[in-house]
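Reviewing the structure listed below.
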């Protein structure tokens, strides 16, 4: 939840109060669409989309329009042509909290607004250093921590997109082989909106004077109690053990034959030693920098929304 010293920075809504702000925004996703967007063990339904994500996309549509108008006003003042500048949204939060699902749902909804049909989604996983580099630096057990990312490359990517560069490429990560895929890229071509999703996208304080979040127009933090997130992580690990870990190419193939009890114990240890530590030390401290915080209950449903005051 929002820390006590940050309460006054936000306008607070319970679920019902937030849902009313949908107004007349139509639900443009069906059950089949949602099935393709759900993450592993994520039980999000159309009611959640209508109550939480439709008001959010309505707000973002208004913000995008206002920002585009501001750019036009500035160009008029300067006597120049207003270049196409994408609206950049950052989504942060812990491992297993549901960032990826939220990002995909937002992308699917926002691209259905006629004002901004080109919505691109990039995850920061591709900007992790390759495993060979992490091994060399002794960072394999700190994968996902700020120092495991090629921040310079990520910053250059965001700068280029924000500057309106015609084509900007991002590296691609495979969760099967647990590594960046050599020579694989995804190309971003002047989107109306760019969504950047990752653990540490709101991170500051690394000794540099420039941060990825400097280029965000809006940021979202997905929040929940750590005990709930850990239980979701353990449940996801069990599902992966029966699915992706079974793939012969999986980096975690050696976990596929664990018993359920062994897998639960290992997942708990991974949480305590790596993911929980990263959450406590690096991710959660950035929550108060977000434009909006979505807080989830134990059932994964959003229970409250906190919108930062302008």
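Taken over region 102-136, the residue count meeting the criterion of being modelled with pLDDT of 95 or more, out of contact with any strand residue (DSSP E or B) (no Cβ under 8 Å at 6 or more places or on another chain) and buried (at least 19 other Cβ atoms within 10 Å of the Cβ) is 3.
Contact map, region 155-166: first residue closer than 14 Å to residue 90 by Cβ, second residue part of a loop (DSSP other than H, G, I, E, B) and at pLDDT 90 or above, Cβ cut-off under 9 Å, separation 6 or more or different chains; pairs are 155/211; 158/216; 161/86; 161/190; 161/191; 162/86.
One line per residue, one yes/no per condition, for (1) in contact with a helix residue (DSSP H, G or I) (Cβ under 7 Å, 6 or more places away or on another chain); (2) closer than 30 Å to residue 17 by Cβ; (3) crowded, with 20+ Cβ neighbours inside 10 Å:
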residue: 249; (1), (2), (3): no, no, no
residue: 255; (1), (2), (3): yes, no, no
residue: 259; (1), (2), (3): no, no, no
residue: 270; (1), (2), (3): no, no, no
residue: 275; (1), (2), (3): yes, no, yes
residue: 293; (1), (2), (3): yes, yes, yes
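Among the residues of region 220-237, is any at pLDDT 95 or above, outside any helix (DSSP H, G or I) and more than 25 Å from residue 148 (Cβ to Cβ)? Among the residues of region 220-237, at least one is at pLDDT 95 or above, outside any helix (DSSP H, G or I) and more than 25 Å from residue 148 (Cβ to Cβ), which makes the answer yes. The residues of region 135-154 that are free of Cβ contacts under 8 Å to residues at least 40 places away in the same chain and over 22 Å from residue 211 (Cβ atoms), listed by number, are 135, 136, 138, 140. The numbered conditions (1) within 17 Å of residue 94 (Cβ to Cβ); (2) part of a helix (DSSP H, G or I); (3) touching a residue at least 60 places away in the same chain (Cβ under 8 Å) are all true for residue 280 except (3).
Only a single item in (1) more than 17 Å from residue 282 (Cα to Cα); (2) in contact (Cβ under 8 Å) with a residue 24 or more places away in the chain is not met by residue 200, and it is number (1). For region 36-51, a tally of residues being modelled with pLDDT of 90 or more and touching a helix residue (DSSP H, G or I) at 6+ places or on another chain (Cβ under 7 Å) returns 5.
Residue-wise test of (1) without any contact (Cβ under 8 Å) to a residue 60 or more places away in the chain; (2) over 30 Å from residue 303 (Cα atoms); (3) touching a strand residue (DSSP E or B) at 6+ places or on another chain (Cβ under 7 Å).
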{"position": "176", "(1), (2), (3)": "no, yes, no"}
{"position": "185", "(1), (2), (3)": "yes, yes, yes"}
{"position": "191", "(1), (2), (3)": "no, yes, yes"}
{"position": "194", "(1), (2), (3)": "no, no, yes"}
{"position": "210", "(1), (2), (3)": "yes, yes, no"}
{"position": "213", "(1), (2), (3)": "no, no, yes"}
{"position": "224", "(1), (2), (3)": "no, no, yes"}
{"position": "229", "(1), (2), (3)": "no, no, no"}
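The residues of region 201-219 that are buried (at least 23 other Cβ atoms within 10 Å of the Cβ), in a loop (DSSP other than H, G, I, E, B) and in contact with a helix residue (DSSP H, G or I) (Cβ under 8 Å, 6 or more places away or on another chain), listed by number, are 201, 202.
The values are calculated or read from the model by the stated rules, or taken from the named source; none is laboratory data. Keep in mind it's a predicted model, so treat the numbers as computed, not measured. Neighbour counts run over all protein chains shown; Cβ positions are idealised from the backbone, glycine included.
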